[in-house]
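Okay, so here's the structure we're looking at.
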Amino acid sequence: MYQVIGRRLLQSIPMLLFISIVCFALIKFAPGDPVQSFVTPNMKPEDVERMRHSLGLDQPNYVQYFLWLKHLLTGDFGYSLVNNRPVLEQIVTRLPATVGLMGASLVIAVILAIPLGMIAALNRNRFVDKLLNLISYVGISIPTFWLSILLIYVFAVQLHLLPSMGMRTIGQDSFLDIVKHAVLPCIVLSFSFLSVYIRYVRSNTIGQLKEDYVQIQYAFGSSKLRILFRHVMKNVLLPIITLLGMSFGDLITGAIITETVFSWPGLGSLGVTAAFGFDYPIIMGITMFSSLMLIVGNLLADILYSVVDPRIKV
Amino acid sequence: MRKRTIFTSALIALTLVTSACSKQETAPQASPAGSPAASAAAQSGTPKNGGSLVMAVTTDPEVINPIYAGDRTTLTIDQALFAPLFQINDGKKTFYLADSLTASPDFLTYTLKLKNNLTWHDGQKLTADDVVFTIEKILDEKQHSFLRSSFIIGDKPVQVKKVDDTTVEFKLPQVTAAFEGALVQVFPIPKHIFENEADIEKSDKNNKPVGSGPFKFKEYKQGEYVALDRFDGYFGGKPHLDSVIYRVAKDPNASNLALQNGEINLKLIDPQDYKKINDTGKFTTIPYFEGRLAYMVFNLNIDALKKKEVRQAIAYALDKKQIIEASYTSLDFADPAPSILTPDTLYQAKDINPYNTDVNKAKELLKAAGADKLKLRLAYINSNKAQTSQALYVQQKLKEVGIEVELQPLDSAAFSKKALNKDNKDFDISFGGYIMGFEPDAYKSLYVSTEQYNYSHYSNKDFDTLWNQAAIETDTAKRAELYKKIQQVVADEMTVYPIAYTKSIIAIDKKYDGLKEAVTKPVVMFEDLSKIFIK
């Protein structure tokens, strides 16, 4: 098992390298020049060129890439072009906020999606199924920013039950305060994940209920609940594990809109600011983290597969 | 490593854009009588102490150091953290750290006298050494301060030396009327903090800045807020508020709701949100001029636009009031602009041809120029709501005089790239905006033929000479005459069509007072936050 994990991690190196080349090329081919966004009309051309030189932007693109890569291999993600702070420090500072929010949202979505999806499957084409379908369709189609604004208006502005923005009340640093701030963004994100997951669980459960092993259990007189939770659930979980594995990348960048609307101090909002400012060290840093998480997520999903269904080998 | 300019912030956060704009601090505008600002001013009562003020900012600060600050957020925070030497409002100096600034009769030497007993937030004395150090670091090529160009006159640096603890002398390599405009941008940094730093821009010490302004640094949480506490040793008197907090709120709709919810006390709002916010009755709303011009520029690289009559015809075909109503909702939030210089700029001429709408004249001019069936491409930034409205208006209005306009909404980066190309022929007309400050010489970079930001590509040696003469003319009357000629040339040649002097709108919770004394200020909202208090 460990050998397999080691081999898979080694295999991810060329993948990460490829991603970094594509990402760097996209940034460089995009219209816009980081230096132009720093200069003022009053600056003399030689000052602008000095600035370009100091940023290393006067070098050919491939040289810039290899320099970036060289530093990365020594653990140096470079400095932001905009605020001069180390990229790694900024990512690490904001990582818990994003991972916490996305992690909590994913867990809530999965915990709710499994029973709700199964209930929908058991009540196929009945009122409950249609209601859950409707909720699911609404959740998939509703724009995140619209739902966010609506929740803020109702729960913060009208009912004064929850804060509308940020991760904490200024001057407070309690866990409860953070939870209070996380409620609304978490609802938005969970609703979005939940709507997708319910559909998966429902269709998988319907498929599983037709399998022979379920009919045999019925023949042996097992109760519906026992069949569902003891036998069917395991099989239903498999596609959810795949989805969760794929969602690992989202842990870093999946909440861009939600973070922006709720002023949540995570990586999503950092990425947006970096994109506007052509701050390529930050963009590259976030992309690398996100890609790594996606690779790790897929690996974990494969391992979990073998745990849930021993017939499957990693 | 570098700071984004106000120009870039404006690109993202405001409605203007693209062209260029200086980082120069500009003078606040007097609010017109009967305006919301005037009513806010009338409310000022007896100052009380205590409480805090939460201001919304749209981004995190960049490098919290005034020799690098160029974006709206950092400049706003620096305004409370650091004190300037002096500011210029409506052409008059308001002295802060400085007590006086005297020019020698030949205008080659300026003597700056500091106030006595100035201190930094850490208790150290602020002296002439700090001012000299700041200027030296600005001039040091290795420090990459964007202010450096302002202190290089005719390829030579300004020389600075300490005379005594409170006196600094500046020697100019040649006469320039723009020197005070350069000095007004200087907010000294502490020598005792930075003297051993090889690269000030990358110094960790910027993360815990020590300034001399009314509020001192308390904490910064990335992506969340910057908190400042009252500085009791402020030379201008103890501030009334205990603290000021700059809260990062990127989404304008969400931050408007946070304002209504009381989580934010002060923010800039869009004209479209003015009525909604004002109608709550909970806020004092203050529209004020930011010294910003929204304009349309003609690309003279295009053959069809090389004829002056065509450009003038387009100007006559449009109605600035209608453009303002279409893009800024009402004339309360922008004034029609006759000149390329904004009202806060020195020597703005009042009697420039405003090109009042005259469709018949426009048609005659087009006919005379042989441009009956003209087709033009109008470029603007697609994310800019005001420019989008302007473009639709111009397209419709020019159709009335027989000009077909093809709209080219572009991403801001793509737009800038094309606009900065000296041989640009990708579009014929485009929209832009700038804030250039009180010193008219700063506008040179947008109009002189050899300059990068000469978006019209208009080239006229006599016109360039006028700019150069005005820069070194020390006689006020003669200088005013030169700038008047410059404004007339632009209007006659119609290379740039000034549309509107736009306003920004501050919304602040009604519990705050002292707003008149705090003085509205372009970009940073208020010049002196120490004067604001809770009623």
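The values are calculated or read from the model by the stated rules, or taken from the named source; none is laboratory data. Quantities reported herein were computed from a predicted structural model and do not represent experimental measurements. Neighbour counts run over all protein chains shown; Cβ positions are idealised from the backbone, glycine included. Note: accessible area is taken over every heavy atom of the protein model, side chains too, but ligands, DNA and RNA are not part of it. Shrake-Rupley method; radii C 1.70, N 1.55, O 1.52, S 1.80 Å.
Structural remarks
- Breaking point among (1) more than 26 Å from the chain's Cα centre (by Cα); (2) under 30 Å from A:Thr260 (Cβ atoms); (3) free of Cβ contacts under 8 Å to residues at least 60 places away in the same chain, for B:Lys275: (1)
- Residues located in segment B:354-380, provided they are open to solvent by 80 Å² or more (accessible area, probe 1.4 Å) and of a type in the set (A, V, I, L, M): B:Ala368
- Those helices (runs of 4 or more DSSP H) of segment A:176-291 in which at least 1 residues are crowded, with 22+ Cβ neighbours inside 10 Å, considering only elements entirely within it, cover A:233-247, A:250-253, A:256-261, A:267-276.
- Within segment A:134-146, restricting attention to residues that are among the hydroxyl-bearing types (Ser, Thr, Tyr) and surrounded by 17 or more Cβ atoms within 10 Å (Cβ to Cβ), the residue that is modelled with the highest pLDDT is A:Ser136.
- Extreme residue, nearest to the chain's Cα centre (by Cα), among residues of segment A:196-237 that are aromatic (Phe, Trp, Tyr) and under 27 Å from A:Ile135 (Cβ atoms): A:Tyr197
- Scanning segment B:263-275 for residues that are within 12 Å of another protein chain (Cβ to nearest Cβ) and open to solvent by 40 Å² or more (accessible area, probe 1.4 Å) returns no hits.
- So B:Pro498, is it surrounded by 21 or more Cβ atoms within 10 Å (Cβ to Cβ), of a type outside the set (Val, Ile, Thr) and out of contact with any Asp or Glu (no Cβ under 9 Å at 6 or more places or on another chain): yes
- As a summary of the residue check, B:Leu257 satisfies the conditions (1) in contact (Cβ under 8 Å) with a residue 60 or more places away in the chain; (2) buried (at least 20 other Cβ atoms within 10 Å of the Cβ); (3) not in a strand (DSSP E or B) except for the one numbered (1).
- Listed here are the strands (runs of 3 or more DSSP E) enclosed by segment B:84-130 that have at least 3 residues being loosely packed, with under 15 Cβ neighbours inside 10 Å, and there are none.
- Criterion (buried (at least 20 other Cβ atoms within 10 Å of the Cβ), farther than 30 Å from B:Ser430 by Cβ and among the hydroxyl-bearing types (Ser, Thr, Tyr)) met by exactly one of B:Tyr234, B:Tyr220, B:Tyr295: B:Tyr234
- Test set (1) surrounded by fewer than 19 Cβ atoms within 10 Å (Cβ to Cβ); (2) in a strand (DSSP E or B) - B:Asp351 fails condition number: (2)
- Checking each residue in segment A:147-162 for being within 23 Å of the chain's Cα centre (by Cα), open to solvent by 30 Å² or more (accessible area, probe 1.4 Å) and facing chain B (nearest Cβ under 7 Å) picks out only A:Ile149.
- Tally, over segment B:382-407, of residues that are more than 14 Å from chain A (Cβ to nearest Cβ) and open to solvent by 20 Å² or more (accessible area, probe 1.4 Å): 14
- Some residue of segment A:74-86 being open to solvent by 50 Å² or more (accessible area, probe 1.4 Å), farther than 30 Å from B:Tyr453 by Cβ and away from every other protein chain (no Cβ under 14 Å): yes
- Number of the exception - A:Ser105 against (1) surrounded by 14 or more Cβ atoms within 10 Å (Cβ to Cβ); (2) within 14 Å of chain B (Cβ to nearest Cβ); (3) in a helix (DSSP H, G or I): (2)
- For segment B:226-248, the criterion of being farther than 30 Å from B:Val210 by Cα and within 14 Å of chain A (Cβ to nearest Cβ) is satisfied by no residue at all.
- When the residues of segment B:413-428 are filtered to those that are assigned to a helix (DSSP H, G or I) and surrounded by fewer than 21 Cβ atoms within 10 Å (Cβ to Cβ), the one that is modelled with the lowest pLDDT is B:Ala413.
- Of everything listed in (1) surrounded by fewer than 19 Cβ atoms within 10 Å (Cβ to Cβ); (2) within 11 Å of chain A (Cβ to nearest Cβ), the single unmet condition for B:Arg148 is (1).
- Condition check for B:Pro239: touching a strand residue (DSSP E or B) at 6+ places or on another chain (Cβ under 6 Å), crowded, with 24+ Cβ neighbours inside 10 Å and on the phi < 0 side of the Ramachandran plot: yes
- Condition check for B:Val175: touching a Pro at 6+ places or on another chain (Cβ under 8 Å), touching a residue at least 12 places away in the same chain (Cβ under 8 Å), buried (at least 16 other Cβ atoms within 10 Å of the Cβ) and not polar (S, T, N, Q): no
- Criterion violated by B:Arg247 - all others in (1) more than 17 Å from B:Ser530 (Cβ to Cβ); (2) basic (Lys, Arg); (3) open to solvent by 40 Å² or more (accessible area, probe 1.4 Å) satisfied: (3)
- Some residue of segment B:41-56 being modelled with pLDDT of 95 or more, part of a loop (DSSP other than H, G, I, E, B) and more than 14 Å from chain A (Cβ to nearest Cβ): no
- Filter result (assigned to a loop (DSSP other than H, G, I, E, B) and within 20 Å of B:Ala103 (Cβ to Cβ)) within segment B:148-177: B:Gly154, B:Val158, B:Thr166, B:Leu172, B:Pro173, B:Gln174, B:Val175, B:Thr176, B:Ala177
- Looking across segment B:178-216, the residues that are in a helix (DSSP H, G or I), open to solvent by 50 Å² or more (accessible area, probe 1.4 Å) and in contact with a helix residue (DSSP H, G or I) (Cβ under 9 Å, 6 or more places away or on another chain) come down to B:Lys191, B:His192, B:Lys205.
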